[in-house]
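> What follows is a structure written as structure tokens; I'll ask about it next.
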Amino acid sequence: MPLALDPDPIFADGFSLRGVRVSRGGRGVIDGLDLDLGGAGMVGLIGPNGAGKTTLLKTLMGFLEPSAGTVHFDARPVADWDRAALACRVGYLAQGAPCFWPMTVENVVGLGRTPHHRRFGTDGLKDRAAVTAALAATGVEHLRDRSALDLSGGERVRVMLARVLAGAPDVLLADEPVAGLDPHYQLQVMEVLRASADAGRTVVVVLHDLTLAARFCDRVVLLDRGKLAADGAPIDVLSPESLHEVFGVTALVGRHREALYVLPWSLSQPTARAAE
Amino acid sequence: MDSIVTPASAALRRPAARTLLFAGLGLAIAVLFVISLGLGTVHIPAGRIFPALVAADDSPFAIIIQEIRLPRAILGALVGASLGLSGAALQGLLRNPLAEPAIIGTSSSAALGAVVALYYGFAALTPLALPIFAISGAVLATLVLFALAGRDPGVLTIILAGVALSSLTGALISVAINLSPDPHASLEIVFWLLGSLAERSIDHVWLALPFMLVGWVLLLRCGPALDALTLGEETAASLGFSLQRLRLAVVVGTAFAVGAGVAVSGAIGFIGLVVPHLLRPLVGHRPGLLLPASAMGGAALLLAADIGVRLMPTHAEFKLGVLTALLGAPFFLVLILNTRRRPL
């Protein structure tokens, strides 16, 4: 067991960050982060605006180069990965899920298969099966022949999620997938992500809704000004104390049946955060 | 709205439609090519065209077909394909239906390069100077354009940068014409700039073809990356594509294809704008599939336009570039109006 001897092992499965610093526009957005993201389950990434959540996802994807520290995926530095090989393993749902041409939903979802084409050549049958399964998983089969530009916000996110799922990634990174959606679509998208985690994927999802994080995630990572403020089970991380500390809010935390809910209720009294 | 299509019938329908489209474009090119061979000042009966094309003798018909009309038709197809393909690639890269080699200044910069080669006598030293200078001009201009437009260029920025580039290169061409010691030479430059396929020889084909092929290969290979770019730069990168490599391939590919075309035919505009726009709905708006379709469509349209100039009852033969501009510019205006109404 050589790993046990290492005081700070690089995890062999999934992402491992060690001492990561990332600067954007001369400002340190992530400031010394140690984090392991791997194994089946759903990880909620929460924190105030500007805490570095999106930057963290972009760093995991290799879009941003850390100025210090290391980012490994499956024990290999992300920068050393062949891009197509990494794309087969890690799916990324960008914020806002843009689309520029009125391609059909089916063709958009089919784009999720492109990394596999580049590695193994086209396999029409397998691709079609993956696309059909992904459309079914997100409940958008009926939109198959519609233009991707004619969709409502909720439909579009589910189509883009189907695009990611069609690529059959082991790890799924989703940047605020429920932003701007009505409660129905929010729950629907979260359920798709939850099902994906239950199927054995690592799902990392950036959220602002604390109750959704509490309800759906196995683990919550709380970022504050580029640093890890808390990391653990929702019940531990989403405590009134840490929410007061990080967000400057007083929150109601309770249980409905067995599930946890967190309701930000009022701004905290002047605190260290407000004084800054 | 929600059409119910079973997966099986959908799978049958789409590849069939695609095959039909490409077969139709191929047929159009073949028919227009033959018509182009049959057109000219000397009347050659339809039945005599093919025999004259393959005849190994020095009969007048064989000479006319093989040495005058065949190069013209081949160049029409090659230049048209280059323009259509480049237009489709630029529109895919910029995610903007208004991008086109002429509008963004690539064609006029290639023309400037060619004028420099002509004006300073490099073209007289070696015929290769013409395409090389034209391609260099095009590469330089496209790099300047990207530097001006920045990382995520909007419609307005691209058009303005293109206008600025076109004005600058146009002014520099005017300087060359203005300062030319030989009025005959400057007239020649002016006529050449208008764009034409008349009086070209098979040497022109061999001069342009290798450069065009390089450009075509570079551009056609961009298909999957351009498809992925439909979902934005980050998503394309997350699917494993390098955006820097894609930009470079489109810039260099366009410069080679268009530069080589401009070197042998002068500046011919709007093919790269009109063709992708017409064909886009037929390929399901997929930027990758649009590349080969636009190449074929461009070949067909330029062959048709070159037939058009020969059929026009004008005293002197109408210049090809003038015709494409006359038809293309209003098309461009309508496109801008539509773009203003819809976000895309």
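> Does B:ALA228 satisfy being of a type outside the set (Asp, Glu), within 13 Å of chain A (Cβ to nearest Cβ), open to solvent by less than 10 Å² (accessible area, probe 1.4 Å) and under 14 Å from B:GLY92 (Cα atoms)?
yes
> A follow-up question, please. Quick one: which of A:ASP127, A:ASP145 is more than 8 Å from every other protein chain (Cβ to nearest Cβ), over 20 Å from A:PRO177 (Cβ atoms) and not basic (Lys, Arg)?
None of the other options fit; the residue is A:ASP127.
> To continue, here is another question. When you scan segment A:42-52, do you find a residue that is in contact (Cβ under 8 Å) with a residue 40 or more places away in the chain, out of contact with any Cys (no Cβ under 9 Å at 6 or more places or on another chain) and within 14 Å of chain B (Cβ to nearest Cβ), even just one?
No, there is no match, as no residue in segment A:42-52 is in contact (Cβ under 8 Å) with a residue 40 or more places away in the chain, out of contact with any Cys (no Cβ under 9 Å at 6 or more places or on another chain) and within 14 Å of chain B (Cβ to nearest Cβ).
> Are any residues in segment A:91-102 surrounded by 23 or more Cβ atoms within 10 Å (Cβ to Cβ) and in contact with a strand residue (DSSP E or B) (Cβ under 7 Å, 6 or more places away or on another chain), and if so, which ones?
A:GLY91, A:TYR92, A:LEU93
> Which of the numbered conditions does A:GLN269 fail, given that it passes all the others? Conditions: (1) more than 14 Å from the chain's Cα centre (by Cα); (2) in a loop (DSSP other than H, G, I, E, B); (3) surrounded by 19 or more Cβ atoms within 10 Å (Cβ to Cβ).
Failed condition: (3).
> I would also like to ask the following. Can you tell me which residue within segment B:100-153, out of those that are out of contact with any helix residue (DSSP H, G or I) (no Cβ under 8 Å at 6 or more places or on another chain) and closer than 28 Å to B:GLU234 by Cα, is modelled with the highest pLDDT?
Ranking the candidates gives B:ALA147 first.
> Continuing with this model, one more query. Are any residues in segment B:187-225 assigned to a helix (DSSP H, G or I) and within 14 Å of chain A (Cβ to nearest Cβ), and if so, which ones?
Within segment B:187-225, B:GLY223, B:PRO224, B:ALA225 meet the criteria.
> Same structure, new question: Of all residues in segment B:34-47, how many are open to solvent by less than 50 Å² (accessible area, probe 1.4 Å) and among the hydrophobic types (A, V, I, L, M, F, W, C)?
Adding up the residues that qualify gives 3.
> Hey, could you check segment A:1-20 for residues that are of a type in the set (D, E, K, R) and exposed (fewer than 13 other Cβ atoms within 10 Å of the Cβ) and say which is modelled with the lowest pLDDT?
So, considering only residues that are of a type in the set (D, E, K, R) and exposed (fewer than 13 other Cβ atoms within 10 Å of the Cβ), the one modelled with the lowest pLDDT is A:ASP6.
> Could you list all residues from segment A:56-76 that are of a type in the set (A, V, I, L, M), open to solvent by 10 Å² or more (accessible area, probe 1.4 Å) and within 14 Å of chain B (Cβ to nearest Cβ)?
Result: A:LEU64, single match.
> Right, A:THR250: open to solvent by 20 Å² or more (accessible area, probe 1.4 Å), in a strand (DSSP E or B) and at pLDDT below 95 or not?
Answer is yes for this residue.
> So for segment B:95-117 (the condition being of a type in the set (Lys, Arg) and touching a Phe, Trp or Tyr at 6+ places or on another chain (Cβ under 9 Å)), does at least one residue qualify?
The answer is yes, given that some residue of segment B:95-117 is of a type in the set (Lys, Arg) and touching a Phe, Trp or Tyr at 6+ places or on another chain (Cβ under 9 Å).
> While we're looking at this one, here's another question. Would you please name the residue that is nearest to the chain's Cα centre (by Cα), looking only at residues in segment B:168-181 that are open to solvent by 70 Å² or more (accessible area, probe 1.4 Å) and not aliphatic (A, V, I, L, M)?
Filtering first and then ranking leaves B:ASN178.
> To continue, here is another question. Working only within segment A:21-40, note down all residues that are under 23 Å from A:ALA85 (Cα atoms) and open to solvent by less than 10 Å² (accessible area, probe 1.4 Å).
Within segment A:21-40, A:LEU35, A:LEU37 meet the criteria.
> Among the numbered conditions (1) at the interface with another protein chain (Cβ under 10 Å from one of its Cβ atoms); (2) without any contact (Cβ under 8 Å) to a residue 60 or more places away in the chain; (3) aliphatic (A, V, I, L, M), tell me where A:VAL109 comes up short.
(1)
> Kindly indicate which of A:ALA166, A:ALA179, A:ALA162 is more than 23 Å from A:ALA199 (Cβ to Cβ) and either open to solvent by 50 Å² or more (accessible area, probe 1.4 Å) or not polar (S, T, N, Q) (or both).
Answer to the selection: A:ALA179.
> For segment A:134-153, name all the residues that are in contact (Cβ under 8 Å) with a residue 24 or more places away in the chain, open to solvent by 40 Å² or more (accessible area, probe 1.4 Å) and touching a helix residue (DSSP H, G or I) at 6+ places or on another chain (Cβ under 8 Å).
A:ALA137, A:ASP145, A:GLY153
> Another question, then. Within segment A:158-197, which residues are of a type in the set (A, V, I, L, M), part of a helix (DSSP H, G or I) and under 18 Å from B:GLU234 (Cα atoms)?
Passing the criteria: A:VAL159, A:MET160, A:LEU161, A:ALA162, A:VAL164, A:LEU165, A:ALA166.
> Now for a separate question. Quick one: which residue in B:PRO101, B:PRO51, B:PRO71, B:PRO97 is in contact (Cβ under 8 Å) with a residue 40 or more places away in the chain and open to solvent by 10 Å² or more (accessible area, probe 1.4 Å)?
B:PRO97
> Report whether or not A:ALA199 is modelled with pLDDT of 95 or more and within 19 Å of A:VAL90 (Cβ to Cβ).
In short, no.
The values are calculated or read from the model by the stated rules, or taken from the named source; none is laboratory data. No experiment lies behind these values; they were computed from the predicted model shown. We place every Cβ from the backbone using ideal geometry, glycine too, and count neighbours over all the protein chains shown. Surface accessibility is based on the protein's heavy atoms, side chains included, excluding ligands, DNA and RNA. Shrake-Rupley method; radii C 1.70, N 1.55, O 1.52, S 1.80 Å.
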